[in-house]
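Below: the structure, in structure tokens.
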Amino acid sequence: MRELRAIDTAAASSACPSWCTAIDHLNDDGHQGPAIEFTAPGDETGAYDDGEPYALLWAALVRETGQPTRVYFDALGDASGGGTHLDVAGLDAVLGDLRTYVDRLQQMRDRLAQITEGEQ
Ligand SMILES: [Zn+2]
């Protein structure tokens, strides 16, 4: 997982909160902190996107004009506007679901290792 700088590019407003790393606010007084992105590995068969890795999850602290500070969580991986603004309780729910997902993925990995032992 890598951490990204804000996408925009110009002088930050003097009214920026301490966590804002946006460089260009593009005539918008909203703010954004550093983003994190999870990129899924490419498929070995090349069936999707010629096997190239693809952005899957994207998140950053944001405060849009007239709105409270939230974490913007985008499961399309690209901050394209199809995501969700989450408060602390909302993030707690997502984190719980992700932990469950990781636990089940680990179980699946262990089962795969049993099934394929000796094949490689
Ligand atoms: Zn700002």
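Couple of notes before you dig in:
- Pairs where the first residue, in the stretch 39-68, is in a loop (DSSP other than H, G, I, E, B) and the second is open to solvent by 70 Å² or more (accessible area, probe 1.4 Å) and of a type in the set (Ser, Thr, Tyr), C-beta under 8 Å, 6+ apart: 42/48; 42/54; 48/54
- Some residue of the stretch 66-85 being surrounded by 14 or more Cβ atoms within 10 Å (Cβ to Cβ), within 16 Å of the ligand (Cβ to nearest atom) and more than 16 Å from residue 28 (Cβ to Cβ): yes
- Of all residues making up the stretch 55-75, the number that are closer than 30 Å to residue 42 by Cα and either at pLDDT below 85 or over 12 Å from the mean Cα position of the chain (by Cα) (or both): 1
- Test for residue 54: is it of a type in the set (Phe, Trp, Tyr) and loosely packed, with under 15 Cβ neighbours inside 10 Å: yes
The values are calculated or read from the model by the stated rules, or taken from the named source; none is laboratory data. The shown structure was predicted, so the numbers you read here are calculated from the model rather than taken from an experiment. For neighbour counting, all protein chains shown are included, and Cβ atoms are generated from backbone atoms with ideal geometry for every residue, glycine included. These accessible areas exclude ligands, DNA and RNA; they are computed on the full protein's heavy atoms, side chains included. Shrake-Rupley method; radii C 1.70, N 1.55, O 1.52, S 1.80 Å.
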